[in-house]
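Notes follow once the structure below has been shown.
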Amino acid sequence: MAVNLDKEAYYRRIKRLYGNWKKGEDEFGKVDAMVVSVGVDEEIVYAKSTALQTWLFGYELTDTIMVFCESKIIFLASKKKVEFLKQVAVTKGNENANGVPPITLLVREKNESNKGNFEKMVEAIRASREGKTVGVFSKDKFPGEYMKSWNDMITAEGLEKVDISAVVAYTIAVKEDGELALMRKAAAVTSDVYSKFFKERVMEIVDADEKVRHSKLAESVEKAIEEKKYLGGADPSTIEMCYPPIIQSGGNYSLKFSVVSDKNHMHFGAITCAMGIRYKSYCSNLVRTLMVDPPQEMQDNYSFLLQVEEELLKELKHGVKICDVYNAVLDYVKKEKPDLAAKFTKNLGFAMGIEFREGSLVLNSKNQYKLKKGMVLSISLGFADLVNKEGKKEEQKKYALFIGDSVQINEDDPATVLTPVKKKIKNVGIFLKNDEEEDDEEDADDAEELLGKGARGQALLQDRTRNEMTAEEKRRAHQKELANQVNEEAKRRLTEEKGEQQVQKSRKSNVSYKNGSQMPREKDIRDMKIFIDKKYETVVMPVFGIATPFHIATIKNISSSVEGDWTYLRINFYVPGSSLGRNEGNIFPNPDATFVKEITYRASNLKAPGDPTVPSTNLQNAFRIIKEVQKRYKTREAEEKEKEGIVKQDSLVINLNRSNPKLKDLYIRPNIAQKRMQGSLEAHTNGFRFTSVRGDKVDILYNNIKHSLFQPCDGEMIIVLHFHLKNAIMFGKKRHTDVQFYTEVGEITTDLGKHQHMHDRDDLYAEQMEREMRHKLKSAFKNFIEKVETLTKEELEFEVPFRDLGFQGAPYRSTCLLQPTSSSLCNTTEWPPFVVTLDEVELVHFERVQFHLKNFDVVIVYKDYSKKVTMINAVPVNSLDPIKEWLNSCDIKYTEGVQSLNWTKIMKTIVDDPEGFFEQGGWSFLDPESEGEGAEDDSESGEDETFNPSADESEAEEEDSDEDYDSESEDSGNDYSASMGSEEESGKDWDELEEEARKADKESHYEDAEETSSAKRKGRSSAPPPSAKKKRRH
């Protein structure tokens, strides 16, 4: 069995099991040993024995007997399974350093008796504690002679059996972080299948007035999990249904998970749906009720059921008894709506994990177990046998309401819902009736027969249209909430950061010689010539007859010229006041000292009698050598600067196991050397290592990865694994925060010299080969990703970009497809890559949003205001609504405006005076509905009837719009009307506008608004946010 066993997880969990056994609580105190035997039975889906095996080893081991004694553990299994179990059994001297008893492995004999092995195990049981009682899972009964002979042996020995199902269930009910991650993923997949498939399918059925049986609809849900588009990027081979989906309607309801969808046709009333998906052996569950044309009483009862669930979530906390939770919720129902108490479900759910339903941890009025942090429950609550007073047909008279979610227990906070599928009336109600139909309710049945599908479909479409019309309003309401949150959070954050003053970095002082003894004793120095000391990177020059050393760092530049018989060498030095470079500033350790600014030397080009060389030779050599030393020094400084701020990474722990996840024949970007080189990427214990064919190594640690992205080759010429890092790493003498590994999946360049027919066999064959290659590469990359995720216990999770949500834009020079993932916005196929972390984004502003423009720009402002804003240019205007919808769903505030702003000055204003910025409304200045613009809108609306622009004025308006692209020098504060770009302002003077604004304000009783707007108009240049609005980006 070439399968890895997670040793750490095994030792951790077996310790927990033995720890609880030693405490001796409940049934654990009654047993001297524990026996878990698993046979073969295809019909058994959930069993405590197989669940315990999966929990300990990650796999089910059939025909395996496990005996847990006080001082030893015995496994009896087939030869292959024993090989697999050796990974945890083989330790030095078989004495386990992990604080758990040593393991003895017994190989099962081919004959069915296995008498010798059974005797050894019974002997071990007898030696454990008192050796009289064994803990077993009494409900687990596997068929077969092998299991029967073992059970007979226990009975024959007179060992008393005690059922330990409940205590073992309680032990494994508390989930570790890795298990919680798997259950969150399972819950997310369940939510996606419900939202993207089931709900849409029900809408189609109602829309088209189809007759579909419950069982057929349930089968279609089971088939849907084979399609990747509904699984949120999960591999279909790791997904299975926890139970067949349960769909009920038309008066026949049973609010349990043991029932099966019947063959009746779906009735358009209350439709309950329960479905659960299992991901990598861990379960999830979701229950929802869809209602078609619900009467008001049904809506009220459903709203009350949602309130009851909220109460339940508040009660579910660490340390609370299960019976107390149930009684508290039942009391709430009795208090608020006593008539519904008798119709309330008899239990509120159960614990869930590897097994779907944990029978000993059911939320009912008798359960004495306490909830613990880390448990995951499937909660389900509802009202059965409710009467619809408005129902005329038999199937309309009775209905039930049923909702449920997968939830995680926390320490003090209410339980966290893992299946966040919306369940308010507006999300689950399908309203078909319009006003006319309500008036003619008596003839409804006849009308339905006559009009059939058309009327129903039309009504549903109208309902959908109404919903679409209000989508923008919903977004605006949500954005208003976000605006306040953003301002409050930013204000708090800036106040906290204010105390942290930045320490200004002084320029490194380079000393040539620490004392006089280090000065070279060269002949050139004695002869008063220029000498370059390469060892100490120093130029020794004669100044007033004294040899004076200058470090190469003090020399700014050097020039040599020949004029007639003389050669001149001019040396310029860095001094306070001269520019040191873009980011260095004029920083000197002692700026008040006297500095030499420049020195010029002159030497003759004529050779005097008796001189061995021409005097100017010294200057020419000095010029050449100084240049060389300067270049070497600057290169070294640049490298050191690159290394500045590099966080030292942990060492890579190499896993010598040959079965490590590995991808071969990959290229790395950025390149290690001048030319690109192939290599292999291998996953080790705590990180990746890329090894090129030349032997270069690049290590990327898991804990340094901020985003790991997998870009499939669908619609792309390359397939990419991209890592966006928390801290930069060094390779190729440069620092990098983005590293990617890719391989090409087709001909990026095409030979235009081929004059071949499009149906040529060679071309068709090449296309087929390319398709196969794409499929193979995709499978290889996905396999690698899954192995890595398993190796890291889901701590490192690869995100796949949502291509459907992608939009074109130019973050750098060229346009590319920018695609969102669950936590970022990225483009990884073009170079340089573009990755923005959504959690770091404060808000997004859309610039140049105007009707007559085809494109607009996106500005991303970060929570760290010292960070430069990110610009994405030339985004097509038809992408505006999808981007807004996406940002709104991510709870990111967005604003829009018609102008381009000077963001450098805006951010500087904010950082310099955060209090002042937020006192004036903070980011609200970007909103088109903000106060300043509102005043202008009022004045414009008042002029609509009287203002008719002439030809001259329309020309002026065109010139005005062109000014958006003028230079900054032309954008003066005095030219107010030009900067605002308003056609009305060019038609009327200030006095007329003031008068109209005053009248409008009196009519709407807002005198104070008039004072504010006039004050703003007069003092607009002094207020940072509005002045920032007038700035243009050039």
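The values are calculated or read from the model by the stated rules, or taken from the named source; none is laboratory data. Quick caveat, the model's predicted, so the values are computed rather than measured. No Cβ is skipped: glycine too gets one built from the backbone with ideal geometry, and neighbour counts run over all protein chains shown. In case anyone asks, the SASA skips ligands and DNA or RNA and just uses the protein heavy atoms, side chains included. Shrake-Rupley method; radii C 1.70, N 1.55, O 1.52, S 1.80 Å.
Structure data summary
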read-out	value
Qualifying positions in segment 331-363 - surrounded by fewer than 17 Cβ atoms within 10 Å (Cβ to Cβ) and in contact with a helix residue (DSSP H, G or I) (Cβ under 8 Å, 6 or more places away or on another chain)	Lys334, Glu336, Ala341, Gly359
Listing of strands (runs of 3 or more DSSP E) fully contained in segment 652-698 that carry 1 or more residues being open to solvent by 60 Å² or more (accessible area, probe 1.4 Å), basic (Lys, Arg) and under 23 Å from Lys776 (Cα atoms)	662-669
Criterion: modelled with pLDDT of 95 or more and not aliphatic (A, V, I, L, M) - qualifying residue of His722, His684, His755	His722
Condition met for Met147 (at negative phi, part of a helix (DSSP H, G or I) and in contact (Cβ under 8 Å) with a residue 60 or more places away in the chain)	yes
Index of the failed condition, Thr64 passing every other in (1) closer than 26 Å to Thr238 by Cα; (2) at pLDDT 85 or above; (3) under 36 Å from the mean Cα position of the chain (by Cα)	(3)
Pick from segment 198-218, criterion out of contact with any Lys or Arg (no Cβ under 9 Å at 6 or more places or on another chain) and not β-branched (Val, Ile, Thr), ranking: least open to solvent (accessible area, probe 1.4 Å)	Ala218
For Asn855: the one exception among (1) open to solvent by 50 Å² or more (accessible area, probe 1.4 Å); (2) in contact (Cβ under 8 Å) with a residue 24 or more places away in the chain; (3) polar (S, T, N, Q); (4) touching a strand residue (DSSP E or B) at 6+ places or on another chain (Cβ under 6 Å)	(2)
Unique residue being in contact with a helix residue (DSSP H, G or I) (Cβ under 7 Å, 6 or more places away or on another chain), in contact (Cβ under 8 Å) with a residue 60 or more places away in the chain and among the acidic types (Asp, Glu) when the list is Asp209, Asp192, Asp177	Asp209
Residue, farthest from the chain's Cα centre (by Cα), within segment 219-248, restricted to residues that are among the small types (Gly, Ala, Ser), open to solvent by 20 Å² or more (accessible area, probe 1.4 Å) and closer than 26 Å to Asn783 by Cβ	Ser237
Test set (1) at pLDDT below 90; (2) crowded, with 16+ Cβ neighbours inside 10 Å; (3) outside the structural domain of Lys627 (by the TED database) - Tyr574 fails condition number	(3)
Selection count where residues are within 30 Å of Glu786 (Cβ to Cβ), without any contact (Cβ under 8 Å) to a residue 60 or more places away in the chain and of a type in the set (A, V, I, L, M), scope segment 243-293	0
Filter result for Asp611 (open to solvent by 50 Å² or more (accessible area, probe 1.4 Å) and among the acidic types (Asp, Glu))	yes
Those residues of segment 811-837 which are aliphatic (A, V, I, L, M) and either in contact with a Phe, Trp or Tyr (Cβ under 6 Å, 6 or more places away or on another chain) or buried (at least 17 other Cβ atoms within 10 Å of the Cβ) (or both), in sequence order	Leu818, Leu825, Val835, Val836
Every pair of residues 6+ apart whose Cβ atoms lie under 7 Å, when the first sits in segment 758-786 and is over 17 Å from Leu721 (Cβ atoms) while the second is basic (Lys, Arg) and modelled with pLDDT under 90	none
Neighbours by Cβ (under 6 Å, 6+ apart or cross-chain): first from segment 373-399, closer than 30 Å to Lys175 by Cα; second part of a loop (DSSP other than H, G, I, E, B) and open to solvent by less than 10 Å² (accessible area, probe 1.4 Å)	Lys373/Ile409; Met375/Ile409; Val376/Met352; Ser378/Asn285; Ser378/Met352; Ile379/Leu348; Leu381/Leu348
Test for Ala224: is it in contact (Cβ under 8 Å) with a residue 12 or more places away in the chain and under 16 Å from Ser378 (Cα atoms)	no
Selection from segment 808-857 of residues that are assigned to a loop (DSSP other than H, G, I, E, B) and among the β-branched types (Val, Ile, Thr)	Thr815, Thr821, Thr828, Thr829, Val849
Some residue of segment 296-307 being surrounded by 14 or more Cβ atoms within 10 Å (Cβ to Cβ), in contact with a helix residue (DSSP H, G or I) (Cβ under 6 Å, 6 or more places away or on another chain), modelled with pLDDT of 90 or more and not in a loop (DSSP other than H, G, I, E, B)	no
Filter result for Leu796 (part of a helix (DSSP H, G or I), surrounded by 15 or more Cβ atoms within 10 Å (Cβ to Cβ) and either in contact with a helix residue (DSSP H, G or I) (Cβ under 9 Å, 6 or more places away or on another chain) or not assigned by the TED database to the domain that holds Arg669 (or both))	no
Selection from segment 17-44 of residues that are in contact (Cβ under 8 Å) with a residue 12 or more places away in the chain and assigned to a loop (DSSP other than H, G, I, E, B)	Glu25, Val31, Asp32, Gly39, Val40, Asp41, Ile44
Qualifying positions in segment 861-893 - open to solvent by less than 10 Å² (accessible area, probe 1.4 Å) and part of a strand (DSSP E or B)	Val861, Ile872, Val875
Hits in segment 906-930 - residues which are open to solvent by 80 Å² or more (accessible area, probe 1.4 Å) and part of a helix (DSSP H, G or I)	Lys908, Asp912, Glu919
